[in-house]
Amino acid sequence: MKILVTGGTGYIGSHTVVELQNKGFEVIIVDNLSNSSIEVLDSIAKISGRKPLFEKFDLTDAVRTSEFFRLHNDIGAIIHFAAFKAVGESVEFPLMYYRNNLTSLINILQGMIDNGIGNIVFSSSCTVYGQPEVLPASENSPILKAESPYGNTKQICEEIINDTCVNASIRSILLRYFNPIGAHDSGLIGELPTGIPGNLVPYLTQTAIGKRDFLRVWGNDYVTPDGTAIRDYIHVVDLAKAHVIAVERMVNRAGKKKVEVFNLGTGNGFSVLEVIQSFERSTGVKLNYKIMERRAGDIVKVWADTTWANQELGWKAEKTLDEMTRSAWMWELALAQKK
Ligand code: NAD
Ligand code: WQD
């Protein structure tokens, strides 16, 4: 079966393409390479032995997207990763985020309706929960007002999918990721942050390798055991595997509802200091860091209730935090060798 992976040369997309290929799916990627590189296709081929089909275009282009679907109406399911994802940038350029993230989804859903394509997995985010009052956050936790235009695009996209699936012959699985980190064991694919990383782990590994002077730990006066903020970090390969299961669930008509929602996390929260300790333990590399003021917009703590995903998808994240921080370091070293 042919699976369309939008954003398939990106960080989570590339790992998912490999897992799909490992399970025998044929993959076609659409990506405009706005935040990824064409070389990723060769890296995927080195890992899986097969180069995915690839078309470069912008999914906000309605005419081009419609033409694509007309020519590829044999697609069995879509995994829609393509989006802009930098929270800070979305505050600065909200329209860029609304245009890209909403228009792409609308064009894809239209293409599905016009060509009888029935299954879509959507990349959502734990950001839709904001700071939950009750932890862990379950799929039924309240959706709070978004903290950023980026977060709002995820909420609106979920609503667009829900509304569209009411009457169209489309099924969807919305996957709410917690904090994906780490890279493929091969050292061939991983996250390629452009500019100064905003996320913890790429900033941390860039500090360890000497690209940054020190890691700024944003606040140690939170009401948490060590005062630093807590998140549910999940290895990107564990995350990728859940997408394959979601696709299989839809194509086998095993879902219980037209639109299903699953949290993808480990169910464990770790503080920023615990991540640093894990990194030092798993790599033997000492990290230079300084405690700073809190970062605006940060929540204190969040981790996932993964019961529903464990039970219904038969999926469970397997990698430990030490495996995650070590694999992120291996990827940073691999990147340094490429230059
Ligand atoms: P990424 O930037 O590495 O990958 C996204 C890919 O989509 C890139 O290759 C980019 O070139 C492509 N793209 C963007 N807009 C496009 C367009 N209009 N047309 C065609 N291609 C386009 O990001 P990622 O970390 O792999 O994230 C994938 C998805 O998961 C995104 O939807 C993101 O919002 C979501 N998500 C990510 C995280 C995270 O922390 N990485 C957490 C929760 C949810
Ligand atoms: C993690 C922790 C920081 C950088 C963001 C998005 C969210 C989702 C995942 C897409 C926090 C601390 C960070 C640094 C630090 N993405 N930190 N120094 O903020 O949980 O979530 O990415 O959907 O929507 O908001 O991730 O990696 O930025 O931060 O101390 O240099 O690390 O304060 O506690 P976050 P993050």
> ³J(HN,Hα) across the range 189-201 via Karplus (A = 6.51, B = -1.76, C = 1.60, θ = phi - 60°), whole Hz, x for Gly/Pro?
Replying inline: 10, x, 7, 10, x, 9, x, 8, x, x, 7, 4, 5
> Normalised by the residues of the chain, what does the relative contact order come to in percent, with Cα pairs under 8 Å and at least six apart?
Replying inline: 19
> In terms of modelled amide H atoms, which long-range or inter-chain residues lie less than 5 Å from the amide H of A77?
Replying inline: L4
> Sorting R253, R171 by accessible area (1.4 Å probe), largest first, what list results?
Replying inline: R253, R171
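Sort 178-184, 225-231, 314-320 by the packing proxy (mean of other Cβ within 10 Å over each peptide's residues), most packed first.
Working: 178-184: 25.7, 225-231: 18.6, 314-320: 16.0.
Peptide ranking by packing, descending: 178-184, 225-231, 314-320.
In what sequence, highest mean first, do 73-79, 116-122 appear when ranked by Cβ atoms within 10 angstrom?
Ranking the peptides 73-79, 116-122 by packing returns 116-122, 73-79.
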> Each residue of the range 136-150 in turn: what ³J(HN,Hα) in whole Hz from Karplus with 6.51, -1.76, 1.60 and θ = phi - 60°, glycine and Pro shown as x?
Replying inline: x, 7, 9, 4, 9, 4, x, 8, 9, 3, 5, 7, 8, x, 4
> Using modelled amide H (1.01 Å from N, peptide plane; none on Pro or chain starts), what sits under 5 Å from the amide H of V261, excluding residues fewer than 5 places away?
Replying inline: L174
>> Please list, ordered by chain and number, the residues whose modelled amide H lies under 5 Å from the amide H of R171; skip anything fewer than 5 residues away on the same chain.
In response: N119, I120
> About its Cα centre, what dipole magnitude does the range 179-228 give when the only charges are +1 on Lys and Arg Cβ and -1 on Asp and Glu Cβ, stated in debye to the nearest 20?
Replying inline: 180
>> About the Cα centre, and with charges only on the beta carbon of Lys, Arg (+1) and Asp, Glu (-1), how big is the dipole of the range 46-89? Nearest 20 debye, please.
In response: 300
>> Between 0 and 90 degrees, rounded to the nearest ten: what's the tilt of helix 11-22 against the longest Cα principal axis of the chain?
In response: 60
> Rounded to the nearest 500, what is the chain's calculated 222 nm mean residue ellipticity when only DSSP H runs of at least 4 contribute -39500 (n - 2.57) each, over all residues?
Replying inline: -13000 deg cm²/dmol
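Only bridges whose two residues both fall in the chain count here: according to DSSP, what percent of them are antiparallel, nearest 5? Walk me through the intermediate numbers first.
Details: 2 of 40 bridges.
Counting only bridges with both partners in the chain, antiparallel ones make up about 5 percent.
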>> Here is the link list: K241/K339; K85/K286; K154/K241. Which ones come out longer than 27 Å on Cα distance?
In response: K241/K339; K85/K286
> Looking at S138, H72, G118, which one has the Cα that reaches farthest to the positive end of the dipole of the chain (charges on Cβ: Lys, Arg +1; Asp, Glu -1)?
Replying inline: H72
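Could you work out the per residue convex hull volume over the alpha carbons of the chain, in cubic angstrom? Let's see the in-between values first.
Numbers: hull volume 42.4 nm³, N = 339.
Per residue, the Cα convex hull of the chain comes to 125 Å³.
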>> Output wanted: per-residue J couplings in Hz (rounded whole) for the range 73-86, from phi through Karplus 6.51 cos²θ - 1.76 cosθ + 1.60, θ = phi - 60°, x for Gly and Pro.
In response: 7, 9, 6, x, 7, 10, 10, 9, 9, 4, 5, 8, 9, 8
>> Under the rule a/c < 1.5 gives rounded, and otherwise a/b versus b/c splits prolate from oblate, where does the range 1-96 land using the Cα gyration tensor?
In response: oblate
> Gain in length, I38 to D221, computed as 0.36 nm per residue apart minus the alpha-carbon separation, to one decimal in nm?
Replying inline: 61.6 nm
>> Not counting ligands, DNA or RNA, and with a 1.4 Å probe, what is T205's accessible surface area in Å² rounded to the nearest 10?
In response: 10
>> So if I take the centroid of the Cα atoms in the range 77-101 and the same for the range 184-243, what is the distance between those two points in Å?
In response: 20
> For K23, which aspartates and glutamates qualify as cross-link partners when the Cα separation must be under 20 Å and same-chain residues fewer than eight apart are set aside?
Replying inline: D42, D74, D185, D238, E248, E312, E318
> Can you give the extra length, in nm with one decimal, that the chain gains between K338 and N199 once fully stretched, where that is 0.36 nm per residue apart less the Cα-Cα distance?
Replying inline: 47.8 nm
> Leaving out ligands, DNA and RNA but keeping every protein chain, what accessible area does Y177 have, in Å² rounded to the nearest 10, with a 1.4 Å probe?
Replying inline: 10
>> Using the Cα centre of the range 150-218 as the reference point, and only Cβ charges (+1 on K/R, -1 on D/E), how large is the resulting charge dipole? Debye, rounded to the nearest 20.
In response: 180
> Given the convex hull over the Cα atoms of the range 193-334, what projected area results after averaging over all orientations, in nm²?
Replying inline: 10.1
> Roughly how many nanometres apart are two label points built 7 Å out from the Cα toward the Cβ at L95 and S169?
Replying inline: 4.0
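The values are calculated or read from the model by the stated rules, or taken from the named source; none is laboratory data. Model, not experiment: these values are computed from the prediction. Neighbour counts run over all protein chains shown; Cβ positions are idealised from the backbone, glycine included. Accessible surface areas use protein heavy atoms only, side chains included; no ligands, DNA or RNA. Shrake-Rupley method; radii C 1.70, N 1.55, O 1.52, S 1.80 Å.
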